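Asker: Please find one structure pasted underneath; my questions will follow.
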Amino acid sequence: MPPVAFHNGQFMPLEQASIGIMTHAFHYGTAVFEGIRGNWNAEDEHTYIFRMREHYERLLAGCKVMRIRLPYSAQELCDITAQMVEMSGYTQDIYIRPIAYKSAERVAILNLDPLASSFSVMAVPFGAYMDLEAAARCCTSSWRRMEDTMIPPYLKISGLYVNSILAKTEAVLAGFDEAILLNQHGYVSEGTGENLFMYRGGRLITPPVEDNALPGITRNTVTDIARNEFGLQVVERHIPRSEVYLADEVFLTGTAAHLTPVGSLDNHLIADGTMGPVTRQLQTLYFDIVRGKVPKYIHWCTPVSTKLVSA
């Protein structure tokens, strides 16, 4: 069976789900999206969708800011998504992309209120976003992270991600794996699609949301397991760029990136430039959790059976 999307209120083959060239969101970025992981567990032949409800609660918060009116609750969006994943039949890790958007086919209209809204969700096969073993080479971007007085950076508003795309492209063209963005005051904010953690002096330190960091769901997950399973103190505070050079370990977290070690920033090695022991411990437990292998955290996972459908 071919992959399925939910689009215009119905399930259909993914290849048939499309929008018109005049769609407002296509021209102006007037959309809110999420990235949700579906993690395949070959042992019990289930896909475990990770923290799906929290993703949809954030999407609906973004809809409120962007005046996108959907006829669905968070639970209804979860049910639609689980059905779409089951119908698509993937037997591998997937990336689920829901998007709520201004679907009116209107241009030269900058007022959100009169424009119609729609919702779509699909999934694609998706492995590692970056190498999870080889520590990433990062650089500080010349682009600054968006401020709340410009576009709210704590939501996943489509137009905001031009900021990340410019920074990521700059980094890759310069030979790096990822970029780290600073806020307007020069403090570390986040990566182009990830939150940043620094391990130094026996503590995990991460930028506060007030430094224009996304309140990431993976960020929250790692904070919880670091405190509850390893007894680590997790501190939110300003991080000057130069302090990252002095860290014992640095890693990035995000739905796409999972938990990715950082080996250098601006060609300054982080410790010896390889994955540190704290990062490895957290990463190992994290992967067991997201594949539904840790009963204590199974409430974060929505199991979907696709074993009767070929990929």
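Asker: Can you say whether L252 is closer than 17 Å to R37 by Cβ, of a type outside the set (F, W, Y) and open to solvent by 10 Å² or more (accessible area, probe 1.4 Å), as far as the supplied structure shows?
Answerer: In short, no.
Asker: Follow-up. Anything in segment 198-216 that is of a type in the set (V, I, T) and open to solvent by 20 Å² or more (accessible area, probe 1.4 Å)? List them, or say none.
Answerer: V209
Asker: Of L285, L259, which residue is touching a helix residue (DSSP H, G or I) at 6+ places or on another chain (Cβ under 7 Å) and either open to solvent by 30 Å² or more (accessible area, probe 1.4 Å) or in a loop (DSSP other than H, G, I, E, B) (or both)?
Answerer: Just a single option satisfies the conditions, and that option is L285.
Asker: Right, another one. Could you give me the residue pairs with C-beta distances under 6 Å whose first residue belongs to segment 107-133 and is closer than 24 Å to T47 by Cβ, whose second residue is among the small types (G, A, S) and surrounded by 15 or more Cβ atoms within 10 Å (Cβ to Cβ) wherever it lies, and which are 6+ apart or on separate chains?
Answerer: Final answer for the pair search is F119/A100; M122/A5; A123/S88; Y129/A256; Y129/A257; M130/A136; M130/A257.
Asker: Testing I239 on (1) more than 28 Å from V290 (Cα to Cα); (2) open to solvent by 10 Å² or more (accessible area, probe 1.4 Å), one condition comes back false. Which one is that?
Answerer: Condition (2) is where I239 drops out.
Asker: Determine if segment 179-196 includes at least one residue that is among the aromatic types (F, W, Y) and assigned to a loop (DSSP other than H, G, I, E, B).
Answerer: No.
One line per residue, one yes/no per condition, for (1) over 26 Å from W300 (Cβ atoms); (2) open to solvent by 10 Å² or more (accessible area, probe 1.4 Å); (3) in contact with a His (Cβ under 9 Å, 6 or more places away or on another chain); (4) modelled with pLDDT under 95:
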site	(1), (2), (3), (4)
V4	no, no, no, no
L14	yes, yes, yes, no
S18	yes, yes, yes, no
Y28	yes, yes, no, no
F33	no, yes, no, no
I36	no, no, yes, no
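Asker: Moving to a separate point now. Could you say which residue among E243, E210 is part of a helix (DSSP H, G or I), more than 19 Å from Y154 (Cβ to Cβ) and modelled with pLDDT of 95 or more?
Answerer: Testing whether each residue is part of a helix (DSSP H, G or I), more than 19 Å from Y154 (Cβ to Cβ) and modelled with pLDDT of 95 or more leaves just E243.
Asker: Could you list, in sequence order, the residues of segment 93-107 that are part of a loop (DSSP other than H, G, I, E, B) and modelled with pLDDT of 95 or more?
Answerer: Of everything in segment 93-107, those that are part of a loop (DSSP other than H, G, I, E, B) and modelled with pLDDT of 95 or more turn out to be D93, S103, A104.
Asker: Where residues in segment 108-138 are open to solvent by less than 70 Å² (accessible area, probe 1.4 Å) and over 20 Å from the mean Cα position of the chain (by Cα), which of them is modelled with the lowest pLDDT?
Answerer: A134
Asker: Does any residue in segment 268-286 that is under 20 Å from L232 (Cβ atoms) and acidic (D, E) come within less than 6 Å, Cβ to Cβ, of a residue that is assigned to a loop (DSSP other than H, G, I, E, B) and open to solvent by less than 20 Å² (accessible area, probe 1.4 Å) six or more places away or on a different chain, and which pairs are these?
Answerer: Between residues of segment 268-286 that are under 20 Å from L232 (Cβ atoms) and acidic (D, E) and residues that are assigned to a loop (DSSP other than H, G, I, E, B) and open to solvent by less than 20 Å² (accessible area, probe 1.4 Å), there is no close pair.
The values are calculated or read from the model by the stated rules, or taken from the named source; none is laboratory data. Because the structure is predicted, anything quoted here is derived from the model rather than measured. Using ideal geometry, Cβ is built from the backbone for each residue, glycine included, and neighbour counts are taken over all protein chains shown. SASA here: full protein model, heavy atoms, side chains in, ligands and nucleic acids out. Shrake-Rupley method; radii C 1.70, N 1.55, O 1.52, S 1.80 Å.
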